[in-house]
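Beneath this line is the structure, given in structure tokens, with notes to follow.
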Amino acid sequence: MSYKPLFFILIWSIFLFTPDIQAQTGKIKTVVIDPGHGGKDCGAVGAKSYEKNITLKIALKTGDYIKKKYPDVKVIYTRDDDSSVDLYERADIANRNNADVFISIHCNSISNSPKTGGAETYVMGAHRDAANLNVAKKENASILYEDNADEHYGGFDLNSTEAYIAMSYIQSEYKDESLQLAEYVQNELVNKAKRGDRGVQQAGFLVLYKTAMPSILVEIGFISNPKEENYLTNDNGQSYIASAIYRAFCTYKTNYEKEAQSVYDMASTEPKTGTETKTEAEPKAEPKQEEKIIAKAEQETQTVVKDETSVVYRVQFVSRSSKVANPEATFKGLKDIYFYEYKGLIRYTAGCFSTKEEAEKYRREVVSKKYKDAFVAKFENGKRVN
């Protein structure tokens, strides 16, 4: 057995779980925008362009839009010119500046497939298929241009599937927020910028691995597709892409701060002094905001969940920014469809099982129906607990 993956986990755990993680302030004050590649690392190469130049232009446009809308938000670029920045340093820039959001911008490429196109947005996680793994390998290959890569990445082997599996053992505490931001970005790229929808994905990206805040990596299109390359190198196309990322940031910021304010308001409610005389008619304590949201969702869904006092397992398969009018018709072939709202998104689940083993068996069936990012979620008393 190779001990490199174990060493890799140990080294990166030190970065991920450091006690100096930024305290939550309730406001989005700093965003770090990372134009992929740069300098001697050109990234993907198209017929007439380099990835590093496209990502820089779009990153600068995105930052300009944010600064005009929110003068009080600090926008930091990992690079603002054609310079080389190591992958670990990009994450360190975000961590040192206590960033609230990290957005890494990239172009995709696939050899011998000039018609493949579309945009996809990634969060840090375990790859679901070979395609996702290949995307991560290509972006992680930037470490080949770095000095002392073995030291900085704990001997990480770019071509070792075992190393990527080891990487997936550690889950970021910001995964839910990252998924939420990724959903917003993907929706904007598809609905406003009219990009092909390749969905929200997970994979092991070194540039995301060390970030101590919600972080995403956006593959804005395929530079290997002549039609998409024309769009990505065109000023109007770059503006559409940048404005899509900007609008997603605005939505995330608004919803995050609204929720943070709601939590603050609840926490600052005047407590009882203890001198009041209790009566039999004394009302029950107000439930938490998240419990009220889930309770409302349960009333509206057509699925009746039996015995909510027990633990049940469901298969979460998709998130949407708004409710689906007819879930049974939209998600054909899935049973016991249920939804709950969390952090501004509607989360849909299928099935209801008393054991995790039964749910896992059904998850494989859900994955076979093209919901490849489906996972098992645990609920207790109607509330998700994992």
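I'd like the full set of residues that are surrounded by 13 or more Cβ atoms within 10 Å (Cβ to Cβ) and touching a strand residue (DSSP E or B) at 6+ places or on another chain (Cβ under 8 Å), limited to region 322-336. Answer for region 322-336, where residues must be surrounded by 13 or more Cβ atoms within 10 Å (Cβ to Cβ) and touching a strand residue (DSSP E or B) at 6+ places or on another chain (Cβ under 8 Å): Lys323, Val324, Pro327, Phe331, Leu334, Lys335, Asp336.
Against the conditions (1) surrounded by fewer than 24 Cβ atoms within 10 Å (Cβ to Cβ); (2) under 24 Å from Ser321 (Cβ atoms), Asn236 satisfies every one except (2). Of the listed requirements (1) touching a Ser or Thr at 6+ places or on another chain (Cβ under 9 Å); (2) not in a strand (DSSP E or B), Glu328 misses just one: (1).
Give me the residue from region 89-123 that is polar (S, T, N, Q), open to solvent by 40 Å² or more (accessible area, probe 1.4 Å) and in a loop (DSSP other than H, G, I, E, B) and, out of that set, nearest to Tyr184 (Cα to Cα).
If we filter region 89-123 for residues that are polar (S, T, N, Q), which is where we start, we get 95, 97-98, 104, 108-109, 111-113, 116, 121.
Keeping just the survivors that are open to solvent by 40 Å² or more (accessible area, probe 1.4 Å) gives 95, 97-98, 111-112.
Next cut, in a loop (DSSP other than H, G, I, E, B) only: 97-98, 111-112.
On the way: Asn97: 24, Asn98: 22, Ser111: 29, Asn112: 31 Å.
Once the filter is applied, the top-ranked residue is Asn98.
Screening region 338-366 for residues that are of a type in the set (Phe, Trp, Tyr) and within 30 Å of Lys258 (Cβ to Cβ) and picking the one that is modelled with the highest pLDDT gives Tyr348.
Is there a residue being modelled with pLDDT of 55 or more and open to solvent by 30 Å² or more (accessible area, probe 1.4 Å) anywhere in region 291-311? Lay out the reasoning, then the answer.
Start the filter on region 291-311 by keeping residues that are modelled with pLDDT of 55 or more, which leaves 310-311.
Add one more test, that the residue is open to solvent by 30 Å² or more (accessible area, probe 1.4 Å), and what stays is 310-311.
Checked against the condition, which is being modelled with pLDDT of 55 or more and open to solvent by 30 Å² or more (accessible area, probe 1.4 Å), region 291-311 yields at least one hit.
Only a single item in (1) open to solvent by 30 Å² or more (accessible area, probe 1.4 Å); (2) under 21 Å from the mean Cα position of the chain (by Cα) is not met by Thr30, and it is number (1). Regarding Val85, is this residue at negative phi and in a strand (DSSP E or B)? In short, no. Scanning region 49-88 for residues that are without any contact (Cβ under 8 Å) to a residue 40 or more places away in the chain and open to solvent by less than 50 Å² (accessible area, probe 1.4 Å), we see that the one that is nearest to Gln238 (Cα to Cα) is Leu56. Annotation note: Cβ proximity below 7 Å between a residue of region 110-127 that is modelled with pLDDT of 85 or more and a residue that is aromatic (Phe, Trp, Tyr) and not in a loop (DSSP other than H, G, I, E, B) (sequence gap 6+ or interchain) occurs for Ile110/Phe222; Thr116/Phe222; Gly117/Phe222. Of everything in region 337-373 that is charged (D, E, K, R) and touching a helix residue (DSSP H, G or I) at 6+ places or on another chain (Cβ under 7 Å), the residue that is least open to solvent (accessible area, probe 1.4 Å) is Lys343. The residue pairs whose first member lies in region 315-329 and is without any contact (Cβ under 8 Å) to a residue 60 or more places away in the chain and more than 18 Å from Leu181 (Cα to Cα), whose second member is open to solvent by less than 30 Å² (accessible area, probe 1.4 Å) and of a type in the set (S, T, N, Q), and whose beta carbons are closer than 7 Å, counting only pairs six or more residues apart or on different chains, do not exist in this structure.
Among the conditions (1) out of contact with any Phe, Trp or Tyr (no Cβ under 7 Å at 6 or more places or on another chain); (2) open to solvent by less than 30 Å² (accessible area, probe 1.4 Å); (3) free of Cβ contacts under 8 Å to residues at least 60 places away in the same chain, Gly46 misses just one, which is (3).
Residues that are within 17 Å of the chain's Cα centre (by Cα) and part of a strand (DSSP E or B) within region 207-257 comprise Ser215, Ile216, Leu217, Val218, Glu219, Ile220, listed in sequence order.
The values are calculated or read from the model by the stated rules, or taken from the named source; none is laboratory data. What you see is a predicted model, and the numbers here were worked out from it, not measured in a lab. In this analysis, Cβ positions are derived from the backbone assuming ideal geometry, glycine residues included, and neighbour counts consider all displayed protein chains. For accessibility, only protein heavy atoms count, side chains too; no ligands or nucleic acids. Shrake-Rupley method; radii C 1.70, N 1.55, O 1.52, S 1.80 Å.
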